[in-house]
Every structure is written in C-alpha cells, then in structure tokens.
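Structure, as structure tokens:
Since every read-out is calculated from the coordinates, none of them should be taken as a lab result. This is a predicted model, so every value here is computed, not measured. As a convention, Cβ positions derive from the backbone with ideal geometry for all residues, glycine included, and neighbour counts pool all protein chains shown.
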Amino acid sequence: MLPSFSYVRPASLDDAVQHLAAAGARAHAGGTDLIGCLRDGVFEAAKVVSLADLSELRGISDSSSGQLRIGALTTVAEVAADPVVRERYPALAQAAAAVASPQLRNQGTIGGNICQRPRCWYFRGEFHCLRKGGTTCYALAGENQYHCILGGSRCYIVHSSDIAPALLALGATVRIAGPRDGRAVPLDEFFVPPSSDVERETVLEQGEVVTEILLPRPEVGLRSSYRKVRGRGAWDFALAGVALALVITDGRVAGGRVVLSGAAPIPWRSREVEEAIQGTALEPDVCRRAAEAAMRDAQPLKRNGYKVPLFRGVIEEALTAIRA
Amino acid sequence: MSKDVSGAGDCEQRDSGRVSRRGFLSSVGTGALTVAAVGSAAAEAAPSGTVVQASELTKVALHINGRRHELLAEPRWSLSFVLREELGLTGTKSGCDRGECGACTVLIDDVPRYACMTLAVEAEGKPIVTVEGLMRGEELGPTQQAFLEEDAFQCGYCTPGQIMAAEGILRANPDPSLDEVRLGVSGNLCRCGTYAHIFKAARRAAELKREMGGAA
Amino acid sequence: MTDRPDERYWEEGADVPETPAPQGDPAPWGTTEVVGTPRPRVDAYERVSGSAIYPSDVTLPGMLYGAMLRCPHPHATVRRVDLSAAAALPGVRAVLSAFGPFDRAVAPHEELLRDDLFVNPCRYEGEAVAAVAADTPYIAADALRAIEVEYEVHDFVADERRALDADAPLVHSSGNRVAQPNRYVRGDVAQGFAEADVVLEEEYRTECEIHTPMELHGCVAKWDGDMLTLWESTQGVFTIQSQTASSLSMPLSKVRVIGHYMGGGFGSKLRAGKYTLIAALLAKQTARPVKLFLTREETYLAVGNRPPTTMLLKAGVKRDGTLTALEFTGLGSGGAYRAGGTSALDFLIRDLYLCPNVRTETADVYMNAGPARPFRAPGHPQASWALEQMLDALAHAIGMDPTELRLKNVPTVSQARGGNPPYTTTGLEACIREGAAAFGWQEAVVATAAQPADAPIRRGVGMAAALWVAGGGGPPSTAIVKVLRDGSVNLNLGASDIGTGTKTVMAMVVAEELDVDPDAIHIEHADTGTTPYATSSGGSKTVPTESPAVRAAAIDVKRQLIAFAAEQLEVDPATLTLRDGRIVSTSDPGTEVPLRELRGLASRGTVTGIGYRGPNPSGKAVNPFAAQFCEVEVDTRTGEVRILRFLGAHDSGRVMNRLTYQNQVFGGITMGIGFGMTEVRILDVDQTGKMVNRNWHDYKLPTALDVPADMTCVPIDRPDDEANTTGAKGIGEPATIPTAAAVANAVYNATGVRMTDTTIDPARLVAALDGPRKGE
C-alpha cells in the first residue's frame, strides 16, 4: 500500500517542469516503475506530477530531417507494434516486445523505460544500500546471480532496460525538457555508470524530463536485432541480451554497434565485438571469436559466473542469425 | 554477536509525520455516486497547477462498464482498491498489488492493464471495462462462456484477469494464433496451472464472437 | 501425513470419532451415465462472471482493514514496541502487540498474544510483531510504518546445510535437530550392492518452493455478541473452526467459518493462520468487522513452503534391470519450527519400485526461515527428482530403455508398509505402457538419438513415474442429500472446493444416482454453521473421501422415495427405480409416479438422505500411480529449455469428470515445471538472512510462455472398486510428482548433462554445459 503523496496533473509541459523542479516531486508517465518504487519504499514522493495530459509527448512520427521521433509517453506496446519501427528498426521493436508483460507494455512508456530504476533486489528491498545513500553494496558479497560482470564499481547493478540497449545500438538521442533550456543528449552520454555517481542512473537533473527520442535515418545496409535470454518466458529481465545494429554492405560488416543488456550497470557497448567483426562476413569462427572477445574483461561475482558462457553463446547466436 | 543489518528494518526508519488527516473517511467510504453515463468519457483533469494535497480526498469520475461513477479518493488509491473496496466490483481480483500477477487486469481504453498499478486519479476520464462489464445482462459474454466450456480455471481467482486479458487480445485481433494467445495472456499468472485450457478458451472465444457476429 | 508442528496454534483440532458406516456398501457402479463424462463446473458461471464472492471480496458495513507488522530479521529479540504514534494516527482503530497495553477485549487472550501470536524471540524473518486495524488498508500501512520496534539482532543460520555445523547459531536452545534422524531398513543393503552389476551414487538438491496461491491468505472476522463469524480463504473450514475455538477458548458452536470459494491453497491453507486469530482479536477490540489479508510479500515469508532438500542416493542394478539395493539419505528443513522438513521424503524410495534391500535416513533441521507447510505431495517431488533421475542413469548404464527398467520393477504390494499389504489396484505398469504408446516414446527415442552431434539446438525426451503415499481418502465424511417436494435436489457437504472441482464431481455423483441434471442441484458446502463435519481438502483425498458419502446419501434418499412410491403404487419396492424425476417400475412399464406427485414427499416437504463414508479395506494400500513423458528443445549455447510437449498418464481409479481430471493433470505438470525449472526461494545467506525475492517477479512462477500448449492427458480409467464405493482415487498430488524429474531426464537426453540440482534454468544449465560434460 502506497504512502501518501500530493498529486497534480498539469496541462502543459512548462507547468509540469515547474512542478517537477520542487524537491520530492516525481514524474508519473506510465507509472509502472514509479508505483513499484513507492510501494517498496525505494524512494518517496512528496508530489506526483502526472504527465497524462501532455498528449504532445505521445506518438511516433517522421521528422523533416529523416529522423524518427518517438514521443516519450508513447507506450512500449505502441513502439513494439509500430509498422515503421518494425520495418526500419527491428532491434527496437523486438526489444520493446520483450519488455515485461502485455499489461505493462500497454501502460509503461518508452521514456519511462529508459529512466527506470535498477531491479537489484537489494536496491528494491529493505536494504539501505549504497545506491540509496547507504554505505554497502550488498550484491558484492551477497546474492549476486543477476548482477553485473562488466562495468561494476562500488555498485554492481545491471541496467534492466531492454529498450535502452537497442536505442543505444541504433544511435538514438534523447531530448530533455527542464527548468532551464531543453537539451538533446546522445544516448551514449545519457546513462551514468556507478564509477561516476553511484546514486543515479541517468544525467537527468531534478525537474528534467525526457520528452522524445530521436532515431537517425537508417543507413543503407542497416540490419538490427535484439536477442534476450531470461529465466522465464515472460515478465522477466534479461540474464543476458544483445542488441545489434550493423551496417552490412556487400556481405561485410561496414560498421555499427553492439550493445549488451544484463551485463553492466549501463547498457554496455561492446567495442571488442565491434572490432572483431569489422570488415568480416561474420563467418562462424569470427562470430565465435567476437563472442570470446566480448567477455575478455568480464569480472564475474561469486554467483554470476554463468553469464560469461551465456554472453558468449547469445552473442555468437545473434551474430550468426543477423548474417543469414 | 549482533549483525549489522542497518536499513534492513524498513519499519524502524520510517517517521510517522507524513500521514494525512482523514478522520471523516469512514463516513464517505461507501458514498460513491453512480449515475448513468452521459455522452463520451471526457476527461475532467484538474486545472494545470492545482495540486491535490496528500491529505485530501479528491473527486474522481470513473467510467466503468458504461456507467459513470463519482467518488472521493486519495491520490494514492489504486484503481483496483477503488473497484473492489469502494465500488463493490469484486470481480476484479487482487493478487499481488504490484503488477506481477494480472488478477486485477481490466481494459482501459480497450487494452489490458493492471488495475493495481494504475492510480484511480490517473484512470479518470478513460473507459474502463471489468469482468462484470462483459456480461450481457445475466448472460455470459463470449469470452466468459468459452472459459466455462473449456474449464479454463481451477480455483478461479486469476480467472477474471485471464478473461480480461483474452478479451483484450480479441478486441485487437479477432482471430489470434496460438502464439499470439500465449503471448497475450503471458502477463497473467495462474498458480493452478490451467494455461493449456486457457489457450483453448481464448481461441474458442474467438469462435463464439464470430458466431455472434457484431453483437459480441 | 505431515509431522505435527509443535506450535500450539497450529495443532489440529480434536479427533473426530468415525461416523457410522453406511447401511451396507452399495454395489460398484460398473458403467456410469454422468460420472466420468467431461463436464463444465456447476459453479463455472459464478467464477467467470465475477459474481463468486471469495473471502477477500467480502465487504461488510463498518468494516476495518487489518495489517500485520513482521520482524525484518531472521533472528532477533524484540526489546520494545512503541505503538503510540501508530495509535494516534487518524483512522487507526486498534493496535496490538505482545507488549500491551491489553484492553478489556483482548486481556483474556494476553497469553495467546505473548506466547503464540507474537512469539519472542523471532526465529524467522516475517514473524509477527504487531498488528493494527484502520479505516482503509492505506492507513493501516501508514500505521505499520509508524510503529517503532527495538530489535536485538542475533546470529542466524539460513542454509539448512550449515544448520548442524559446530558453530551454527542455535535456532532453539535445544539444538538445530528437530528430532533424531528417521531411519528405515529392509533387507541387507550391503549384500544388495554386492549383487549388483552397476552401482551409481549421486547427490541431488531441490530448492525451497513457495505456494503463493493467487488469493492471499486471510479472512474477514465479525462478532455478533459472543458469536464469531470468519470468512476465510481456506482448504478446510472445520479445521479453522476448531483451531480458532481452541485458541480463543470458545465453544465450537460459537465459531462459524465460511469458505465457499477460495483462491488456491496447495497445502498452505490447511490450517488457521495467525492472521485468523489476529483478525478476530482486532474485530473484538474495535467491535467492528475486520478484513485482514496478507500482502503478497508476507505470503513468501510466513505461510509455508516446500522445504529445501539435499539427498544422497546410491542404487544397485543387475544387467537384466533388477534393482538390488537403494540407499538414501535426505536432509531438509521446515524452517524455524517443527514443520515437516523431511515429511514423507523417503516414501518413494521405499515403495515405488520392487527392491528387496533399502535403507533410508532423513534428518530434519531448524533454520532461521519461514516454517514449511504441507505443499502438494509433501516430500514426493523432491524424492522423485532424485529417484527418477537415478533410474534414468541406471537404465543408461545398463543399456536398457528407461521405461523397460521401470517395468521390470513394478511391485504389486506396498513394500514400505508393515506386512507388505497389496495395493487395491496398481496402474503403474499401465501408466508406463499406455503413456509411452500414446507419447510415441520409442519413435521419439530413436529420433533424438539420430540428431547430428554438433547441432546447437538439441531435442531430448524424458519420462518419470510416481505414486502418491495417500490418495485413498477415508472416514470421517458425512453428506446430506435433500429432495424437495418438486423433485429438485439439494446437496449439503462440509468439504471445501479448492479448485479441483469437488462440487461438480459431487453433483455428478448425486446425478448418477438420482438421474437429475447436475446443474440443477443446489450445493451448500464449506460452512461450519450449516454443513456436516468434513476434513480439510488436501492430500488428494477429497473425492475418494467425500464421494462415497455423497453416493450413500443419494442412495439413502432414493430408498426413501422408492418406499413412498411402493406404498402409493402398491407394488414391491424392489421393482422400482428412479428415472428422470419419476419413480418407475422396472417390471411394469406403465406403473410410475412423478416425484412431484409422490404423497410421502409432498406431506414431508423434504426428504433427507444421510450418507457416511465407510472404512477403507483392511490390509490393503490405496495409492494413485503415474507416469509422465516430455520432449524438450535445448539451446546449448544459452541453456534455454523449451518444453515442446508433455503427457501425463495417471491411474487415479475411476475418472469422475474427464474435464476437471485433465485440468488437474495439466495443472500438476505446470506446477512441476515451476518446481524443476523456475522457482527458488533465495535467502541472503551470507549477510542478512533475508529473503531477497519475495515477489512474483523475482520468484518466478511459470507463465503461459513456460508451459507447452501441447499437453496430453491419458487417463488409466480403472475403477478401484475395492478402495471405496465410487472407485475413485486422488489425482491432485500425483499429477505434480514426476514432472520435474521427467524434464531433467529429457534435458539429459538432449545434452548429456545431468542436472542434479533444481532449477533447470538458463543460468544453471549454461554453466553446466560449459563445464566438462559428464560421461555416458
């Protein structure tokens, strides 16, 4: 049962931003993550600022520059079903379809999805952990089977979004409104690793809100995919996942990105894989070596050593599949 | 030796100062008004900048099963709480109150959502359909009838949510494949394990709806 | 079945004397008209329309909402509870703890509160510490957050495998052994191993599984003067009645428990909860009805589980498939209290296969975790995980088909029981043979063997067999069938329908005897105020327990009706029968009287038949049997397992309702898939001892995408006429016993990797596949 909070549903983005600038104010988009966090006491909200009436933040459209604009309040289900997304950016459609459950996809928004708080059970549970202002990361010596093997530092969460790795692979940019001027941030610079700041996952400041996501026009030869391995068939976060956005010309990899989910505290770009496949025709031994390379710097914890063979397997499989 | 589990005791750390005054609540608890729906479910949002205080009950108008219900609600009240405890629509069940089981599934804007993860104030102005809303008078609706025929439940507690999930699939896609059905009900747990019969029921419901033509 | 817990509030009620035997057992049915057909449930309309009122749906005027505060530590002493801030919140109507103050309403129960409800020290995370009642559940939650508790935190042990270590913290001062290990021996095990051609030994482990029925545990409590009414989500209203009356020192007649619908239990709702008594006390304090349902998180901590189990099994077999010896040790923990940590754990080892030399030893230990409760076939899925994988390995070792090895060792007597009583019927062989035939086992084995060795996606098939220790039911049971003056019928019985279709099956039994439409029968059940005593619905015994009594009641009422008709028609009652609402002569087609014109009925208004359950045959064992088969597809690069199809072949005696029977089989398989593949209670063993996955996202129940749509039910429909007068045995529990082992065997068949520990999930399987493959 939720603790109490005040509630406001502003009619304009400017009003919303003003409300959100106050200490303790929290934005309510789909609410699926907000309500869960409030229920579990992960954080408190003095004021919930509903974005429900900001219809301008909803919908998918082409921009004049050839980018695809996805309003931050577009639901995950709408993204997954959108014919343009499915045709041009299959990785994003597949990632959106792999999120949580149908009901949550119908409610949760793409903006909320990339801003969601970590799913670490210590962070979500009755533990005053480092990320909540405490002094200990319980995962380090505890039940860390679902924690990170790359990029951990003081805190060992994984970033739990499926959509963020796909967007990052596709080179997306987010547009942000805030108390000061709005800004656009490439997704590469949007997520904050624990080595920089252990109490936040994104660069958003108090009062700021993601308003839209921009996807660049697909290059000729772009192929993309998202493959997710999870512990059960639905309503489960990635044990390991890989988003591929590769430009393949004349049968060879001319460029692109490889981003891992379930690996690190942020969506994890694997430059090792990108280098290993650059210029190749993704021959079987290339895929195998690339998968090996991805795990070169992996530092498993006590209970998540399986992620190393799992990532090798899923990366090899995804690379093999995208070649076909 | 005492282990350091500081922070483990959620209850110990909470202050008690955030709780609102609500002494008159018991007198309005069942005072929800029900009037026939008039026209469309137009939104009645609070004006921009009008803040409902945490301690306040605010008027909420919900459009449920074609009828308009006005009631007083706290901002934190979930739609499932309001449906079940304030309006007596207990066909919608409560299994987890955290968006993980689907027993509270209702249609909002014709798509299945978890009523427990939806604030009642956020549902204002949108058409809501609960399992009671699938009835045609005293007759079962086609999806309900299909669940009956296929014995697509055991204890029956997840069943209204399963039915609403199946109804949501069929409203979007009148002839779903087996895989589409499985995906569509994958947000609804059934601890009795009747999924195989639920798959049959959803497809039988599609048949029944077709047989009934547009009426269903 | 299960060990009796030592907590006073958990005790079963006083023994009920056996009811009188019926007036001579009726002859077996032979063929039936209604019984055995596939039939939708008599209460389906209520369940699918949303009109069925479950206990958690009950709302009463003036009703308050209760909530419980629970200890956040696995082991702690409560030094102080300050309820003042909580009590001062507007809308809070009552607060309770072991520390008082005790007002007049609860003062007589101070001892109950101190010793039984708010136990101190708290030996598991989730032990009750305080409770509140408030105008809304939100205010109740605010009140819990406002309670201040001072805990002295103690060391804990949260892994049963460490409970007997010399330095393990003590859960109880008497030590961490619940009792001396249970030992069983028959024959000479050493001799048996010496005679074997192949001896294998393996350690197995199954994780702690949690019931989590969809409806939360709880009740609504309401007082009318000295009369307490409880609407409780329960498997047995009479157990709740007796436990509540005993705890509150009330006569049984003043406690009425109603449980018409309930949203699942699986063994976790066989007894009253602390919530039951706390709701009653809060209602007494406030003089208002109180609804107290737990949160989902609480159900993970405090209302039962299937104990985690570690098992060592050694087995010997001759080349011809003869089992020569089995040696088994099992360690389990029912948590912080005596709760059956190794309950029935070795029964399958002792009884399922013919084996002259068997030795078992099981040890139940305490740990600082929530107490177990009986969970669908206690002990059996765990032992099946070990035994059935071992049989598979033995078959492999001697080059014999796994079905053949089992068929070689089918017993006709219960070896585990004293005097080796014969089974009334055993369908074990039929389950294996007919199941294998329907599955296409031989063809599937050939097909999987023919797969290319280097294919990353691999198929495999597996099977496992089982029996269930109970499932025969027995007395006491009393049922009442009333025929009203228009010929319509009421059935009155005390048993709960926990989702297995009890009401429907019993209506079909009445319909069979009285030739009426089952849907036309009004059923009154599961209400201590209006129905005769019944034992709780559990142990797969409800149908074999209740259906003979129901049949006897129907026969009793029919006998009376025929007697009235014989008098009215002036014929020999032996020539009359009841058909389609009329008493008709079997010898003279024109002679008949409709029930509505039967003077003896009209003058009485109602004719009542009473039926009792007779005893089971002496010197015989009544058990259901099973064999299940599955095919899986494994992605060897990722460890993902997709189950393609499942088949359950079950001997549960007469099939009473083909539709609900099949539903039980599929449900059991689904739950077994969860046990084997997705469900694990995870305790933070190295740091805080707290459960980290107390929700349905982190604790993973199987979803619609985790079970195959291709499920087949092969009933071995052989009425067990010796067992009881309807010929039925139980199906609910056997349906889940062999499932997980069948999956493990299929995964082995696909990959050559033997998964000795649950769960077979991608994480564990990919790690196992990455390691050295185990030899043939």
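Values as computed for the structure displayed
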| read-out | value |
| --- | --- |
| Hypothetical label at A:Ala281: residues of the range A:234-255 whose amide nitrogen lies under 13 Å (7 Å Cα-Cβ projection) | A:249-253 |
| Cα gyration tensor shape of chain C, rounded if a/c is under 1.5, else prolate or oblate by comparing a/b with b/c | oblate |
| A:Gln206 versus C:Asp167: modelled label distance in nm, points set 7 Å from Cα along the beta carbon direction | 4.7 nm |
| Pairwise label distance in nanometres, C:Thr412 with C:Asp82, each label 7 Å out on the Cα-Cβ vector | 7.5 nm |
| Sorted by Cβ density within 10 Å, fewest first, the residues A:Ile322, C:Ile398 | C:Ile398, A:Ile322 |
| Proximal aspartates and glutamates to C:Lys291, defined as alpha-carbon separation beneath 12 angstrom and excluding residues fewer than eight positions away on the same chain | B:Glu85, C:Asp57, C:Asp135, C:Glu232 |
| Helix-derived mean residue ellipticity, 222 nm - over chain A, DSSP H n ≥ 4, -39500 (n - 2.57), to 500 | -8000 deg cm²/dmol |
| Average beta carbon contacts from partner chains per residue of B:174-187, 10 Å cutoff | 4 |
| Calculated FRET efficiency for the pair B:Ala172/A:Arg175, C-beta based, R₀ 30 Å, to 0.05 | 0.50 |
| Net charge dipole size for the range C:221-299 [Lys, Arg +1 and Asp, Glu -1 on Cβ; Debye, nearest 20] | 40 debye |
| Net dipole in debye of the range A:119-270 [+1 Lys, Arg Cβ; -1 Asp, Glu Cβ; about Cα centre; nearest 20] | 360 debye |
| Global form of the range C:461-556, assessed from the alpha-carbon gyration tensor, a/c cut-off 1.5 | prolate |
| Mean Cβ count within 10 Å, highest first, over the residues of peptides C:257-265, C:351-359 | C:257-265, C:351-359 |
| Theoretical gain in end-to-end length, C:Asp686 to C:Leu312 [0.36 nm per residue, Cα-Cα removed] | 132.2 nm |
| Averaged over C:489-498, number of beta-carbon atoms from partner chains that fall within 10 Å | 1 |
| For the range A:178-188, 3J(HN,Hα) per residue [Karplus equation, 6.51 cos²θ - 1.76 cosθ + 1.60, θ = phi - 60°, Hz, x = Gly/Pro] | x, x, 8, 5, x, 8, 10, 10, x, 4, 4 |
| Alpha-carbon centroid distance for the pair the range C:475-538 / the range A:170-216, whole angstrom | 64 Å |
| Residues C:Trp29, C:Trp468 arranged by fewest to most Cβ contacts within 10 Å | C:Trp29, C:Trp468 |
| Protection proxy ranking of A:278-285, B:182-189, A:211-218 - average other beta-carbon atoms within 10 Å, highest first | B:182-189, A:211-218, A:278-285 |
| Overall form of chain A per C-alpha gyration tensor (a/c, 1.5; a/b vs b/c) | oblate |
| Ordering of A:30-43, C:292-305 by burial proxy (mean other Cβ atoms within 10 Å per residue, highest first) | C:292-305, A:30-43 |
| Positive-end extreme of charge dipole, chain C - chosen from C:Ala455, C:Val543, C:Ala245 (charges on Cβ) | C:Ala245 |
| Spin-label proximity, C:Leu200 to the range C:301-320 - amide N less than 14 Å from point 7 Å beyond Cα toward beta carbon | C:313-319 |
| Size of charge dipole - the protein assembly as shown - debye, nearest 20, with Cβ of Lys, Arg +1 and Asp, Glu -1, no other charges | 1100 debye |
| All aspartates and glutamates inside 18 Å of B:Lys200 as judged from Cα atoms, apart from same-chain residues fewer than 8 positions distant | B:Glu149, B:Glu150, B:Asp151, B:Glu167, B:Asp175, B:Asp179, B:Glu180, B:Glu211, C:Asp706, C:Asp710 |
| Solitary cysteines of chain C, where the nearest other Cys Cβ is not under 4.7 Å | C:Cys208, C:Cys219, C:Cys355, C:Cys431, C:Cys630, C:Cys713 |
| Spatial separation of Cα centroids for the range A:104-137 and the range A:305-324, in angstrom | 27 Å |
| Linear extension gain, C:Val446 paired with C:Asp588, 0.36 nm per residue minus alpha-carbon span | 44.9 nm |
| Simple spin-label estimate for A:Arg86 and C:Ser174 in nanometres, 7 Å along Cα-Cβ | 6.5 nm |
| Order of C:Met68, C:Met227 under a 10 Å beta carbon neighbour criterion, fewest first | C:Met227, C:Met68 |
| Given charges at Cβ of Lys, Arg, Asp, Glu: chain C dipole, positive-most of C:Thr478, C:Ser618, C:His73 | C:Thr478 |
| Euclidean distance between Cα centres, the range C:366-400 to the range B:141-197, Å | 33 Å |
| Exercise: per-residue mean of other protein chain Cβ atoms within 10 Å, C:679-692 | 6 |
| Cross-link pairs C:Lys503/C:Lys700; A:Lys132/C:Lys690; C:Lys503/C:Lys729; B:Lys59/C:Lys222 - those with Cα-Cα distance over 20 Å | C:Lys503/C:Lys700; B:Lys59/C:Lys222 |
| Cβ-based charge dipole, the range C:512-588, positive-most Cα from C:Ser587, C:Ala563, C:Thr530 | C:Thr530 |
| Integer Hz, Karplus 6.51/-1.76/1.60 couplings in order for the range A:124-130, x for Gly and Pro | 7, x, 7, 10, 7, 8, 3 |
| Förster radius 25 Å - calculated FRET efficiency between C:Arg579 and C:Ala438, Cβ distance, rounded to 0.05 | 0.10 |
